[in-house]
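Some notes on the structure that comes next.
What follows draws every value from the coordinates through simple rules; no lab data is involved. Keep in mind that what you see is a predicted model, and the values were worked out from it rather than measured. All Cβ positions, even for glycine, are placed from backbone atoms using ideal geometry, and neighbour counts span all protein chains on display.
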């Protein structure tokens, strides 16, 4: 035994670990760190998938989310959509196989990206409850609805079919998933409730009917019939490629020459550009892609960097648009002022992206605390790691004082505001696989700041108008409050009746010269607007005050 | 418009206040923004009369109206003061500036606004009332707080009592705010020293300086009150007593002298009765610092001191006065001030034994 190298002994224990087994031990990597977050992740993955599927089928999404408490720390999540449904043979793969999906191989703006999400939820459910996931799906009224009970074979990363049936279903088409899991339900930040509400903000075309474990039903209704523009899949742009990815692509390409490879697998590369890249890399355009070594690949990367290539097409993007974002904000956040902007597409590392920003101000939003930041990537709320996100940094690095919010140094501004930042891109650079924070690319931060400034200017104008209007209210109130006192003094001095003097003074309140005292800065063009906006409001408040008295 | 009319002397302040009320009420009935017009109390409207060497109010007027964002509160305070004054006159009672402040200090119902927040506001409104009505504050039955002491060989009659200023123990006689009704029985003293500091007055009193020098010593804490200014004015006028001012060697000390001698900007409308043009500045002068070895007690100027000195140098009544300009320049060069009490470094009774007798003997004054 002593003669035998130890490595041989060790080798007996070394074996391949399946993705599923790996996940079992590293569930935090996908966001299933704790009971509370597990519930959120399960709902999130299912809802993201449902909305994506509906949009692809050009159906206005109607999604029902139900969470039932079935025991201590044990919940049942039922999510049902009106999407296109899934063909029978694909159902097990989609729900019970990790890293299986339609989205991984294309570069396209979509909510889910890696195809790991929903099957991760199924696996988590299986690990914590031992129960299978129950799936019902139907693709048209002409087809039957299929019902599956599925588990994941964690050794092989393959679906294990527990039950396979045809059932009666009231829906013409759609998918329903039912998962039992160990979880914890709480309201507040980072809750399912918050996630769905935020989803409603940036998806005004979606109706969500939500029933929480307390059997309270919340409906987030659709406020537009406008489906988002269909995003087109694009090939990667050469500027965004990394060595590992390039080697993989070289290995699996069907093309026969390097020149052909470059033209076929990348966007914005024609014969001329391909030749230029090869020249700059010192490689022959005619060599076979499979023969390109690691060293060659590195040269190729340098060649790409040294070649001028036009920016990628931007039709792969589907921004929310400023109008639709405003609709979403208006319906979900009770404020008094809304401003939104949608920037033109820009590019980071060869990936096109669009930044959109919205601000809701005043109304029922709490005044004396930090503003609420709502972050979104491809219309999906980002609830965790706010502090590590480029979006948050762009906000804190923007100076908010001129825009009517309080701010100390580079901290989160204080005031009654909700700021929405959305990034739409075929490839959103997250800082980790759990997709919770945007990485710090200068191009992205710059765009976010520009969008924030654009909205900030509008906000600043509004806040200034408002403070002027409230000043006027104060002035008017001041005169009104002083009148009884002054009438009393003058009447006493003159030996007259107080009421008479008071009435005389009150009559004057409506006179133009008094009004011009109240509206001191009426030469400002803005002031005409607020007079209309606030005149009525002022009257209402006054009436209320009188009633209270 | 409710105009002040100094030209038409009125015997009865009550009547004048009633007229003011009626005038305002009439304006209101006519639908006019109620206004009061009166002399402008600011440096720009203070005229230095070189003949009488006093400050007088110029011809500029200000208008205070109610429906004016900048005026409303002051208008409110002014009519409030008129009301308070008329109430006092009606019941024939006197009240102090502090009393009056509290009479006006209340919150307007259903608001957080006070009619006055600080005494400075009611004081200022009362001074405006003087201009509006043409009657002095005392005539409106409002007095200042008593804040001053006097000692010397003088006997007076006040409110039926006979008082000898030489026999009042360590505190001396405290000067009332209204000295108009005092009658002087006998005045033996030859001159008056008025000093800025109560502590210095106590020093001189303890040393019986007034007895040794046959003079009168008067003090008020800080700025000279109206009562003291009137008292000094009356004694200067009725008994031709010279008046010497003893103050710190700093811009604020100079200003105490300036107010006593020429009248003040804020009370320029009352100068004729309040200024004491015969007053002379005894010290402490910059020359004294040198002569009496006070150099090591110099206190370096702060920015406010420099600013104030500059303002005083430019006053009309000092501008063409060469000795004073020389004094200011010397102080400016020093960039520092000394207090009267620094004389104590030469010995506790140095001021009464040496400094004052010497200065007076030499007639070493600034005028």
Under 8 Å for C-alpha pairs, at least 6 residues apart: give me the relative contact order for the stretch B:148-362, rounded to a whole percent. 18
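Counting alpha carbon pairs within less than 8 Å and at least 6 residues apart, what relative contact order, in whole percent, applies to chain A? Kindly include the intermediate steps, with their values, before the conclusion.
Working: 1034 pairs, mean separation 61.9, N = 549.
Worked out over chain A, it gives 11 percent.
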Please label the shape of the stretch B:35-170 as rounded, prolate or oblate, based on the square roots a ≥ b ≥ c of the eigenvalues of the alpha-carbon gyration tensor (a/c under 1.5 means rounded; beyond that, a/b larger than b/c means prolate, else oblate). oblate
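What average number of partner chain Cβ atoms lie no more than 10 Å from the Cβ of the residues making up A:473-482? Please list the in-between numbers first.
Values: counts 0, 1, 2, 0, 3, 7, 5, 2, 7, 11.
Partner Cβ neighbours, averaged per residue: 4.
Once the Cα gyration tensor of the protein assembly as shown is found, what semi-axes does its equivalent ellipsoid get, as square roots of 5 times the eigenvalues, in whole Å, sorted largest first?
Working: eigenvalues 1610, 263, 139 Å².
With the √(5λ) rule applied to the protein assembly as shown, the semi-axes are 90, 36, 26 Å.
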Between 0 and 90°, nearest 10: helix A:192-202 axis offset from chain A longest Cα axis: 80
What share of the DSSP beta bridges in the protein assembly as shown is antiparallel, in percent to the nearest 5? 75
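Could you work out, residue by residue across A:491-499, how many beta carbons of other chains sit within 10 Å of that residue's beta carbon, and then give the average as an integer?
Working: counts 4, 9, 16, 11, 4, 6, 1, 0, 0.
For peptide A:491-499, the averaged partner shielding equals 6.
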Per residue Cα convex hull volume for chain B, in cubic angstrom? 161
Rounded tilt (10° steps) of A:442-494 against the dominant C-alpha axis of chain A: 20
Put a dot 7 Å past each Cα toward the Cβ at residue B:266 and residue B:198; how far apart are the dots in nm? 2.0
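Just to verify a number: FRET efficiency for residue A:189 and residue A:99, C-beta to C-beta distance, R0 = 22 Å, to 0.05?
Details: r = 31 Å, r/R0 = 1.39.
The computed FRET efficiency comes out at 0.10.
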Please determine, in degrees from 0 to 90 and to the nearest 10, the orientation of helix A:322-332 with respect to the longest principal axis defined by the Cα atoms of chain A, where the helix direction is its Cα long axis. 70
What the Cα atoms of chain A span along the principal axes, largest first and in whole Å, is 121, 63, 63
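What translational diffusion coefficient, to the nearest whole µm²/s, does the stretch B:170-232 have by Stokes-Einstein, given a Kirkwood radius computed over alpha-carbon pairs, a temperature of 4 °C and 1.567 mPa s viscosity?
Details: Rh = 12.4 Å.
D = 104 µm²/s.
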Please list the radius of gyration and Dmax for the stretch B:274-346, considering alpha-carbon atoms only, with Å as the unit. 13.2, 37
Cα extents of the stretch A:19-185 along the principal axes, largest first, in whole Å, come to 42, 38, 28
Please compute the contact order of chain B in relative form: average sequence separation of alpha-carbon pairs under 8 Å and at least six residues apart, divided by the residue count, as a percent. 14
Which order do A:434, B:122 fall in if you start with the one that has the fewest other Cβ atoms within 10 Å? A:434, B:122
So if each residue of separation counts as 0.36 nm, and I subtract the Cα-Cα distance between residue A:170 and residue A:254, what length gain in nm does that give? 25.7 nm
Compactness summary of the stretch B:148-362: radius of gyration and Dmax from Cα atoms, Å, are 17.1, 53
How much mean residue ellipticity at 222 nm does chain B get from its helices, if each DSSP H run of length 4 or more adds -39500 (n - 2.57) and you divide by all residues, to the nearest 500 deg cm²/dmol? -12000 deg cm²/dmol
In deg cm²/dmol, rounded to 500, what helix-only [θ] at 222 nm does chain A give when every DSSP H run of at least 4 residues adds -39500 (n - 2.57) and the total is split over its residues? -13000 deg cm²/dmol
